[in-house]
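Encoded as structure tokens, the structure appears first; notes follow it.
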Ligand code: ADP
Ligand code: MG
Ligand code: MG
Ligand code: MG
Ligand code: MG
Ligand code: MG
């Protein structure tokens, strides 16, 4: 959960005055971590997912649904509950998130290499929702926990319960529609992050999302609420707050490697998969009550979290600190880092002097060009050499599609980990489990078969842009490595294979067929997940985003004007609630009758 640390956050002025000192602390700690842990070997393959859940309240009489600001009340209850459950049964850990309508749930213990663990992922995800739903239902019939990547009318009208006032006077950032009261009061970190992002940037966030131009959408489309704002662009939906980004919900998966070397290799191979999985997971086509022309959240948080000054934004290749992974980590892939990113030269020199390979040193040298946007006062000056607060704090304040997590100095059990971060959360537990298990198995395929998926960073960046496009899973081509070199392939070819590339799902199936320790039940579960990935790539099943878009476009009260009304949102979220709780089938996103075990064997 990043760092849940006690104490008070420093003001931006105080951090600014200490920046040089903070960088020295951070680099020293990184060097201590590296010299202590660079030769760690034989850590086990452990892994776990993180899901961010949204709390909502339905008003059936008025056909409305609102974000429920209740995480601060729920989290202490959930914490107590999971403390009481016997150790053996304790299977969920809850974390606060940036916004008070979101809670983050992770498995209490990371999963292991045992194939049977793959069979518990979905059940654990379901149990998390059940645990929360039980408390919500005790208090009201209308409160629900949902998996939604972005609340459709977030920032539009009266969108919270209890209602909060929306005006610049209620927002430290001076946002017109995202007041401070959305921010989780549990930990002062988030408020400090948004304040300091704005102060460092010297202006409030400015996010422009292309509008979906339907037959009755006014052209040019101008966002009424922001008509006097110089930051708006014609034909774009506007969002004016960091909180607009931090309210989005994702699915992340972290994998522990057996050594530093293996973690770097895994990182490099997962890098080109980030846009591919972003595309397949796309789940948010609606922003502030308007249908947009994009399908996923990544670029929106990228703009929301952007702390660059106006000057810095003019600098070549100095991207937002929330961006696609900017470089490979191993020396052998150095030539693929074809976009030269700015680094802190003194840091790079020092790391290389201490024995770190050049390409890895450059990665950290790039992280150290960023300022630590949040510092808790009691950690300002390290009192001993057994913690790595300043390094980990900075590392967790740079948000790329991948994060290399070196072992912390104060926990000998934790090894080198790679976190996979691009995916939108899926509406159903099945969908989240499918992507999670597919990815976990992909890491085994990568390590076992020594797969090489790497392509130049510039092409990965281009793939990230394409992944955002409307219905990209069916409409776009992506740069991908094949036996004939890098070519442009559609999602079906990447996932299901062509003459020149085996296909990711067939590779996973091969891996599964070669492992003799997997029981029939687990094989069946895995195959259902692979079918989802395979059919979504083939276009026979829809991404969540495409399904949501179709739901809006075919809603009887939709007026072809890109507006997602209270009523449409109400019907949409009611439908999602019913589908995710198994009360309704949705054959466009999941085949109602999955193939049986014997049918599968006949394939
Ligand atoms: P953050 O928010 O910084 O990513 P969290 O604590 O919220 O950190 O999530 C950590 C993720 O890493 C969880 O999915 C958890 O299951 C997983 N995890 C924890 N310990 C290990 C480990 N030793 N190896 C692999 N994964 C781990
Ligand atoms: Mg977390
Ligand atoms: Mg986090
Ligand atoms: Mg989170
Ligand atoms: Mg989040
Ligand atoms: Mg995480």
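The values are calculated or read from the model by the stated rules, or taken from the named source; none is laboratory data. Just so it is clear, the structure is predicted and the values come from calculations on it, not from any experiment. When we count neighbours, we look across all protein chains shown, and the Cβ atoms used for this are built from the backbone with ideal geometry, even at glycine.
Being modelled with pLDDT under 95 and either buried (at least 20 other Cβ atoms within 10 Å of the Cβ) or closer than 30 Å to residue 52 by Cβ (or both) narrows it down to one residue among 417, 378, 403, 370; which is it?
On the way: 417 fails: modelled with pLDDT under 95; 403 fails: modelled with pLDDT under 95; 370 fails: modelled with pLDDT under 95.
Result: 378 is the single residue among 417, 378, 403, 370 that is modelled with pLDDT under 95 and either buried (at least 20 other Cβ atoms within 10 Å of the Cβ) or closer than 30 Å to residue 52 by Cβ (or both).
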Please determine, by comparing only the residues of the stretch 187-220 that are assigned to a loop (DSSP other than H, G, I, E, B) and surrounded by 19 or more Cβ atoms within 10 Å (Cβ to Cβ), which one is modelled with the lowest pLDDT. 187
Of the residues that sit in the stretch 104-130 and are crowded, with 18+ Cβ neighbours inside 10 Å and without any contact (Cβ under 8 Å) to a residue 40 or more places away in the chain, which one is nearest to ligand 3 (Cβ to nearest atom)? 124
Test result for residue 2, modelled with pLDDT under 95, more than 30 Å from residue 577 (Cβ to Cβ) and under 28 Å from the mean Cα position of the chain (by Cα): no
So, residue 504, is that one modelled with pLDDT of 95 or more and within 23 Å of residue 120 (Cβ to Cβ) or not? no
Tell me whether the stretch 67-78 contains one or more residues that are in a strand (DSSP E or B), away from ligand 1 (no atom under 16 Å from the Cβ) and under 23 Å from the mean Cα position of the chain (by Cα). yes
Report, by residue number, each residue of the stretch 221-233 that is closer than 15 Å to residue 177 by Cβ and either part of a loop (DSSP other than H, G, I, E, B) or in contact with a strand residue (DSSP E or B) (Cβ under 6 Å, 6 or more places away or on another chain) (or both). 223, 226, 227, 228, 229, 231, 232
Which residue, of 101, 144, 135, is within 16 Å of ligand 5 (Cβ to nearest atom), surrounded by 14 or more Cβ atoms within 10 Å (Cβ to Cβ) and modelled with pLDDT of 95 or more? 101
When the stretch 300-322 is checked residue by residue, the ones that are within 30 Å of residue 542 (Cα to Cα) and surrounded by fewer than 21 Cβ atoms within 10 Å (Cβ to Cβ) are 302, 303
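Taking only the stretch 30-64 into account, find how many residues are more than 16 Å from ligand 1 (Cβ to nearest atom), assigned to a strand (DSSP E or B) and under 28 Å from the mean Cα position of the chain (by Cα). Working first, answer last.
The first filter runs over the stretch 30-64 and keeps only residues more than 16 Å from ligand 1 (Cβ to nearest atom), leaving 30-32, 34-36, 38-39, 54-64.
Next, only the ones that are assigned to a strand (DSSP E or B) stay: 54-59, 64.
Add one more test, that the residue is under 28 Å from the mean Cα position of the chain (by Cα), and what stays is 54-58, 64.
The number of residues fulfilling the criteria is 6.
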Among the residues of the stretch 234-259, which ones are farther than 19 Å from residue 205 by Cα, away from ligand 4 (no atom under 16 Å from the Cβ), touching a helix residue (DSSP H, G or I) at 6+ places or on another chain (Cβ under 6 Å) and in a strand (DSSP E or B)? 255
